[in-house]
Amino acid sequence: TGSAVALPYPNKPSVSGVAAIQSAVRNDIAYGADWIMVFNYNYSLEELKMFADEAHRQGNKIAIGAATDDQARRALAAGADSIEYGFDLSPKTIRQIKSRCVYLVPTIGNLSIIRDSQAKTLRLSREKEVFTLSMIDQILSPQLELSLKNAYKAGVRIALGSGTMVVPHPLAERL
């Protein structure tokens, strides 16, 4: 099966407007995508809905990256079929994920990949907050563990994902 990243992505320009978003989704599908992946950080809720609507209209699913609870709620409101990351989810958001039968794909390996590649920072939020490696250990890892435990206890469907394109990684060259 194929996969794709709808914009923005490091080597792709950002898109805006209905026609550009539809074109980006259709282009990724034309290249074999089964799922469209959108990073939640740079798009309005209306734009996220456009991505989801077009993916669904084409018969595809959409994954929306959401590190924070607010981003996860926006992803749900946009029509996500899966939420990627989910580092810090509230019980209320977890219940919404469960009730909508949305998958949670925590990409746990991202945290170790970042450490293993000796990345200096990880930008996670729409507000451009920067998380250093010590913050990953002290804040993100415990939050992710708690979110996962709560999601599991609530019966959320959890899938495994790699997210290997986030930072340089040996497997990325083979994908």
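Assorted remarks:
- Pairs, first under 20 Å from Gly79 (Cβ atoms) in region 24-37, second polar (S, T, N, Q) and open to solvent by less than 30 Å² (accessible area, probe 1.4 Å), C-beta under 7 Å, six or more apart: Ile29/Asn60; Ala33/Asn60; Asp34/Asn60; Trp35/Asn60; Ile36/Asn60
- Of the residues Lys49, Lys61, Lys98, the single one that is within 15 Å of Ile158 (Cα to Cα) and in contact with a helix residue (DSSP H, G or I) (Cβ under 7 Å, 6 or more places away or on another chain) is Lys98.
- Residue, nearest to Thr107 (Cα to Cα), within region 76-95, restricted to residues that are buried (at least 24 other Cβ atoms within 10 Å of the Cβ) and more than 9 Å from the chain's Cα centre (by Cα): Phe87
- Annotation: of all residues in region 47-68 being open to solvent by 30 Å² or more (accessible area, probe 1.4 Å) and not polar (S, T, N, Q), the one that is nearest to Ser141 (Cα to Cα) is Lys61.
The values are calculated or read from the model by the stated rules, or taken from the named source; none is laboratory data. Owing to the predicted nature of the structure, the values given are computational and were not obtained by experimental measurement. Reconstructed Cβ throughout: ideal geometry from the backbone, glycine too, with neighbour counts over all protein chains shown. All accessible areas refer to the heavy atoms of the entire protein, side chains included, with ligands and DNA or RNA removed. Shrake-Rupley method; radii C 1.70, N 1.55, O 1.52, S 1.80 Å.
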